[in-house]
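Engineer: Quick one: this structure, given as structure tokens, is what I'll be asking you about.
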Amino acid sequence: MRRAHTTAARQQPAIVLPDLDALARQYRPALLAFCYRMLGSQSEAEDVVQETLLRTWRSRPAIDDPARLRAWVYKVATHACLDALRGHKRRALPDAQGKPWDPRLPSVQGEDELPWLEPLPDAAQGGDPESALAAHESVSLAFLAALQRLPPRQRAALILQEVVGWEVDEVATLLGTTSAAVNSALQRARATLRQWPDLEGHDPAKAPRDERLRTLLRRYVAAWRKLDLTDLVDLLREDAVLAMPPSPSWYRGRRNIRAFLRPWFRSWRAPLVRPTWANGQPAFAISFPGPGGRQPLGIQVLTIRGGAIARIDVFMQPRVWSRFTRPGKAARPERRP
């Protein structure tokens with residue numbers, strides 16, 4: 001009997017866990033979207049994802065059930081994000097830092113040391129099944145800015161439960177707390193998000209991607225290429241916002257945006273406008289001719305509401321520009337509204 005038992009045991013298929021490359025292919029896009037929501041920075045999210053994959057791969061002999069692998073991966077990533085957030089200032093956009101700027105005054109020089117939010121190229125989120133959570137709910141800048149107002153553990157509970165799709169008891173096990181504590185955290189997080197004005201009536205999953213949006217974007221590109229400020233301002237909502245991280249200066253309203261842009265539009269020449277997508281939103285890489293080649297203005301991310309442009313966020317940091325303009329990462333001409 002012992003020999004028969006041994007023979008049967010030898011015939012059982014061995015559990016094969018993925019190597020590091022396979023692990024990365026399976027989980028990196030979804031983990032990047034998750035960590036980006038937690039941290040508000042692509043560069044920080046990429047560091048945490050790399051740490052998560054390495055720690056998971058090194059501990060794979062202790063994970064004897066492949067079904068537990070996903071839970072383990074997200075547990076490692078969540079706690080790595082919580083560690084990274086300890087003592088860090090909340091990331092934000094300029095309009096959350098102070099009052100609108102007077103366009104008659106010089107704008108303030110960029111302050112790159114401040115923890116600004118950063119956009120995420122849609123191409124970075126991949127297209128494998130595990131990254132479906134990235135497509136399930138947009139990583140819109142408004143939603144991301146609202147998430148950053150939550151305490152880290154509330155943020156983790158909300159993302160794991162509402163975006164990744166975990167049950168409350170699973171979230172409690174991952175966070176090392178009780179289901180009652182998770183439900184309380186979720187209740188407080190949702191109450192905070194309801195008070196965030198930029199999310200009022202905002203549903204990124206239902207953002208229009210029809211002919212009206214295509215027409216608006218064509219008009220926006222044409223206005224930039226012709227440097228026609230009147231046409232550009234006509235596309236804005238009356239209460240539109242223009243922000244330009246890392247500068248803390250920002251402007252509200254069509255009149256103020258026009259006044260700020262007027263001298264720049266008179267001095268600029270021959271802009272190159274490259275379409276792309278960021279945070280599930282239309283975006284553009286804009287540059288101008290200059291000494292030694294084209295000089296980048298920045299990555300513009302548009303927020304569309306009610307058939308008009310509600311805000312333009314121009315990210316002028318070199319590291320953001322390079323993520324969108326390195327070969328194969330910038331334009332997504334196949335992606336159309």
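Engineer: How about segment 91-116: which of its residues are touching a Pro at 6+ places or on another chain (Cβ under 7 Å) and free of Cβ contacts under 8 Å to residues at least 60 places away in the same chain? Write out each step before concluding.
Structural biologist: The initial filter retains those residues of segment 91-116 that are touching a Pro at 6+ places or on another chain (Cβ under 7 Å), namely 91, 93-94, 97-98, 108, 110-112, 114, 116.
Selection gives ARG91 alone.
Engineer: Do you know which residues across segment 276-304 are surrounded by fewer than 18 Cβ atoms within 10 Å (Cβ to Cβ) and either assigned to a strand (DSSP E or B) or of a type in the set (Lys, Arg) (or both)? Walk me through it before giving the result.
Structural biologist: Within segment 276-304, the subset surrounded by fewer than 18 Cβ atoms within 10 Å (Cβ to Cβ) is 288-295.
Scanning segment 276-304 gives PHE288, PRO289, GLY290, GLY293, ARG294, GLN295.
Engineer: Scan ALA157, ALA123, ALA134 and give me the residue that is among the hydrophobic types (A, V, I, L, M, F, W, C), at pLDDT below 95, buried (at least 22 other Cβ atoms within 10 Å of the Cβ) and in a helix (DSSP H, G or I).
Structural biologist: Values: ALA157 fails: at pLDDT below 95; ALA123 fails: buried (at least 22 other Cβ atoms within 10 Å of the Cβ).
On inspection, the qualifying residue turns out to be ALA134.
Engineer: In segment 273-317, how many are hydroxyl-bearing (Ser, Thr, Tyr) and under 15 Å from PRO119 (Cβ atoms)? Break it down stepwise before answering.
Structural biologist: Let us first name the residues in segment 273-317 that are hydroxyl-bearing (Ser, Thr, Tyr), namely 276, 287, 303.
So of that shortlist, the ones also under 15 Å from PRO119 (Cβ atoms) come out as 276, 303.
Of the residues in segment 273-317, 2 are hydroxyl-bearing (Ser, Thr, Tyr) and under 15 Å from PRO119 (Cβ atoms).
Engineer: If a residue has to be over 11 Å from TYR74 (Cα atoms) and buried (at least 18 other Cβ atoms within 10 Å of the Cβ) to count, how many in segment 171-181 make the cut?
Structural biologist: If we filter segment 171-181 for residues that are over 11 Å from TYR74 (Cα atoms), which is where we start, we get 172-173, 176-181.
Checking the rest, the ones that are also buried (at least 18 other Cβ atoms within 10 Å of the Cβ) come to 172.
Total satisfying the criteria: 1.
Engineer: Here is a follow-up. Give me the pairs: first residue in segment 301-316 and farther than 18 Å from LEU261 by Cα, second residue among the β-branched types (Val, Ile, Thr), beta-carbon distance under 9 Å, and six or more apart or on different chains, which are they?
Structural biologist: The qualifying pairs are THR303/VAL241; THR303/ILE309; THR303/ILE312.
Engineer: Quick check on my filter: what residues within segment 264-274 are closer than 22 Å to THR230 by Cβ and either touching a Cys at 6+ places or on another chain (Cβ under 6 Å) or part of a strand (DSSP E or B) (or both)? Talk me through it step by step, then tell me what you get.
Structural biologist: Just the residues of segment 264-274 that are closer than 22 Å to THR230 by Cβ, to begin with: 264-273.
Result: LEU272, VAL273.
Engineer: Further, regarding this structure: Which of the residues that make up segment 171-222 are modelled with pLDDT of 75 or more and small (Gly, Ala, Ser)? Full working, then the answer.
Structural biologist: Residues of segment 171-222 that are modelled with pLDDT of 75 or more, as a first pass: 171-196, 211-222.
Hits for segment 171-222 are ALA172, GLY176, SER179, ALA180, ALA181, SER184, ALA185, ALA189, ALA191, ALA222.
The values are calculated or read from the model by the stated rules, or taken from the named source; none is laboratory data. Every value quoted in this text rests on a predicted model; they were computed, and no experiment measured them. Here Cβ is always computed from backbone atoms with ideal geometry, including for glycine, and neighbour counts include all displayed protein chains.
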